[in-house]
Structure formats: structure tokens, C-alpha cells
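One structure is given below, encoded as C-alpha cells.
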Amino acid sequence: MRSLSRKNILFYLIRFSVIFVVAYFMVAPIFLSFQSLLPEHNRVALDLYQPFRGLSFLNILGQFLRGVVFAFIFYPFYSLIFERRGGKLLLFTSMFGLGLFGSVEPQPGSIEGIVYTITSFTEHASILIAVAIQMLIFVLIMFKFETYLYGDNRCFEVVDLFLPNRHLIKAFIIRFTIVHLFTYWIVGGIFYQISGYQEVLESMEIFILWRPLDNLTTVFLVFFGQIFRGIFLAILLYPFSQNFIEKKRGWALLYLLMTGLTILGSPLFLAEFISFKGSTLEFFQSLAVGIPEIFSQMLVFSLLFFFWQKRKETKQLQTLKYNMSVFLT
């Protein structure tokens, strides 16, 4: 099965993206009808961010590109997802949990949206439910298609997929969260100082729902919100850990997962990117806000965490081998 999928990567990218578009537009019209029925005060963020959009060429293209991004991200992990029991759940939690709830976008349904914006519970809950349904439809159709093409060769137990090397998970989560907090605050602080974020926050429409950043409540939410987000990301990425920790350039695979799922896989990023309305200068100005920061932060995070985690796991393995040799002799 793996050899067939590897030879037909273009076919894989196309079928993944087409099914993704189909799943999106199975949910979008229903959600937009629901959104139009909400009281105005309960859809301010939905109207502003537009996580679901109507049928048009640009929207189809945006979702197709988003599907291509997801497909490309999961390609190195194809066998982990499609040849292991529990792969459906892993694909769903990755696309829903990391693509929406753990996204870097401060949108309805994301941790960042809860922390940074004044968005109603109804908006957060409705987006979480709608995207969960969308991703569930996609995963079921995608697995049906893969099974039809290559048969059902899934093996191993579900627990082996989600908890490989269970004795390592606690240390993995702690290191992940520490590095996440460090890079979030240090890189974020640097860009906040050099990029003039305060002026941007006061001028761009997309930031009208943001909480005041000098408020004690916001500081509290940001600090503890990022601890929770770090733990959440670590848990969802742990099933992929052995696939990138064991590789020489595994930091690049981790970077691919982090940037692809939490940035490019967001319901908003690519849709906003290709449908931008304004002058060329305004377009490049919008790219300068936030985007260099999050890509830089993810790169620094991936490098620091990968080498720290690899060093610790290598040391533990050497200690285990030594203890075994002593025991056997």
C-alpha cells in the first residue's frame, strides 16, 4: 500500500484536496444559514472572520489549496495514518484539534480566539461543532477512498499509535510546553517591539474584537492560556514524535507539522490570503503583521525542542542499553 501511494503522490494530493473541498461545501451552506439566523450580537466575530464562506471560485480555490497543504503535511506520515488502527482518529484530531482549536489564528473556535478576542460562547461553540462535522465527513470519505484503492491493511493496536513509548510522554509534554512558552514570549516580545504592533492593533479592522493587552485579565488569560495550549499541542503531536525524533532532520518534519497545521491549515489563513481586497502596498503591509513572527517562532521552537528531545531520548536509550548489558552479564 505504501509503495503505491508513494508512486502516485500527485493522485494522492488531488484526491485528498478534492474530498476536502467536497466536505467543506457540504457543511458551509448549512452553517451560513444557521449564522444568518443568529442575533446580531451573537455573530459579530462570525461576520468579521467568515470561517465558512459561500460557493465561489475563490472560495473553492482557497479550500482546495488548504486541502493540498494538509495532504502535503500528512504525506511523510501516510503509513502512520492510513496503515495503523486509530488512523482515522489521528487524522481527525490533527485537522480539527491543531487546524482549528490549536491554531495560531485568534478566530472563533481557537484557543487564541478565546484568549485574545471578545467572542461569544455561541460563536466559539458553533464553529467547533461545524468544523468537527466537516472534518469527520472528510475523514470518513477519505478512508473509504483509500480502502477502495489499496485495501484495508491497518495493523497494530490503537494505543500503540497514540502512546508509543508511553514512559516518555510525560517528559515530552513538559519539554514541549517549556519550549513553547519560551519561544512564544521571547520571539513574540521581540516582534512586538520592532514591528509596531500597537499601531496596527488600533488601525486594522480585524483587531476590533481584541481584548486590551494592558489589562490584567488579558495577561492572566495569555499566560495560562499558552500553558494549556502548549500541553494541548504536545498531546496531539506526540503520536508523530517517533517519526520525526528518529530522523536526522526531524526538526524540519516537526516544523512542517507545526506551521502546516496551526497556520496554513487554519480555516482563515489561505482563504484570506487569496481573497485579499486592497492595494498592493496594503497587501504587503498585511503580510508584515504577525506572519514573520509566527513562522520565526515555529522555526526556533522546532529546532530547540527537537535537539533537546533527541538528546534526552538518546541518553535514555544509552542508559537502558548499559543497564541491560550489566544485567545480562
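Once the Cα-Cα distance is subtracted from the 0.36 nm per residue extended length, the H167 to K315 segment shows a gain of 51.9 nm. Our coupling estimate for region 122-127, obtained by passing each phi through the Karplus curve with A = 6.51, B = -1.76, C = 1.60 and θ = phi - 60°, is 4, 5, 4, 5, 5, 5 Hz, Gly and Pro reported as x. Annotation for K248 and I194: the two label points, set 7 Å from Cα along the Cα-Cβ direction, are 3.2 nm apart.
Here the accessible area is traced with a 1.4 Å probe on the protein chains. For region 1-160, carbon and sulfur cover 70 percent of it.
The HN-Hα couplings worked out from phi for region 298-304 by the Karplus form 6.51 cos²θ - 1.76 cosθ + 1.60 (θ = phi - 60°) are 5, 5, 4, 4, 4, 5, 4 Hz, whole numbers, x standing for Gly and Pro.
Residues whose amide H comes within less than 5 Å of that of T117, counting only those at least five positions distant or on another chain, are R211 (H built at 1.01 Å from N in the peptide plane). Note that region 106-114 has calculated 3J(HN,Hα) couplings of x, 9, x, x, 10, 4, 4, x, 5 Hz, one per residue in order, obtained from phi through the Karplus relation 6.51 cos²θ - 1.76 cosθ + 1.60 (θ = phi - 60°); glycine and proline are x.
Between L303 and I118, the simple label model (points 7 Å from Cα in the Cβ direction) yields a spacing of 4.0 nm. Our estimate of slack between R85 and F295, defined as 0.36 nm per intervening residue step minus the Cα-Cα distance, is 72.3 nm. Between L140 and D47, residue separation times 0.36 nm minus the direct Cα-Cα distance comes to 30.5 nm. Distance check, please: which entries in K144/K310; K247/K315; K144/K247; K88/K312; K144/K248; K170/K247 exceed 27 angstrom between their Cα atoms? Listed pairs above 27 Å: K144/K310; K144/K247; K88/K312; K144/K248. In this structure region 1-89 gives 47 Å² per residue of accessible area when probed at 1.4 Å with all protein chains present.
The values are calculated or read from the model by the stated rules, or taken from the named source; none is laboratory data. Everything quoted here is computed from the prediction, not taken from an experiment. So basically every Cβ, Gly included, is an ideal-geometry build from the backbone, and we count neighbours across all protein chains shown. Accessible surface areas use protein heavy atoms only, side chains included; no ligands, DNA or RNA. Shrake-Rupley method; radii C 1.70, N 1.55, O 1.52, S 1.80 Å.
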